[in-house]
1. Can you give the Kirkwood hydrodynamic radius of the chain from its Cα pairs, in Å with one decimal?
2. In the chain, once you exclude exposed trypsin sites (Lys or Arg not before Pro) (DSSP loop, at most 11 other Cβ within 10 angstrom), what's the longest stretch remaining?
3. Is the stretch 85-142 best put as rounded, prolate or oblate by its Cα gyration tensor, with a ≥ b ≥ c the root eigenvalues, rounded for a/c under 1.5, and otherwise prolate when a/b is larger than b/c, oblate when not?
4. Check residue 118: other-chain or 5+ apart residues with amide H under 5 Å from its amide H, H built from backbone geometry?
Amino acid sequence: MIATTLTAVLLVAVMVSLRASFHAYRETTESASTAVVGRIVMERLQALIRNGIDFAPYPGTLSDAVVESDALEIQRPDGTWVVIRWNPATGTLHWEDDGADWTLLEGVTQRPAGAASNVSPFALEFHRGRHLHRATIDLCVIPDDIRGLDIEGVGSPELRLIGSVMPRNMAWKP
């Protein structure tokens, strides 16, 4: 009887530690995967802006300096346009190019932890009308836990990626 009780206690302790281990593993891998993909997307967007020729949306008037938007249009050096758009209904960030549409990042919520409302993913600061001086990218991403197991627990912390970049044609103007 004592041996059975000790075995049961040891098995419960092993199951509790195994559950904690699964939970920690899931949170670590989801956060790491989301962080890596998020950083790659941020670096690509910043490179597009650095090398961009023209940008939209434009300010409504000459006195407006900052435009906050769910979409960013970038004219590349070859003259083609790329549109990066956040879709709040699906929580995805899309790349639109020549009529094609690709999902760049999933789980983009744009509602930072503790905030009452969404933040715009793109803030464009214009100088003298329609010349982009600086673009700020602010992405709030929740790691993908759809494929998790019930034994692993719930919830991974939100990842917030913020980057600011200036186009080279603006940075090197005298």
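What follows draws every value from the coordinates through simple rules; no lab data is involved. None of the values given here were measured: they were computed from a predicted structure. In this analysis, Cβ positions are derived from the backbone assuming ideal geometry, glycine residues included, and neighbour counts consider all displayed protein chains.
1. Working: mean 1/r = 0.0535 Å⁻¹.
This gives a value of 18.7 Å.
2. Working: sites that count: 128, 147.
Free of exposed loop sites, the longest segment is 1-127.
3. Numbers: a/c = 2.88, a/b = 1.17, b/c = 2.46.
It is oblate, given that a/c is not under 1.5 and a/b is not larger than b/c.
4. Here the answer is none, since no amide H 5 or more places off falls under 5 Å of that of residue 118.
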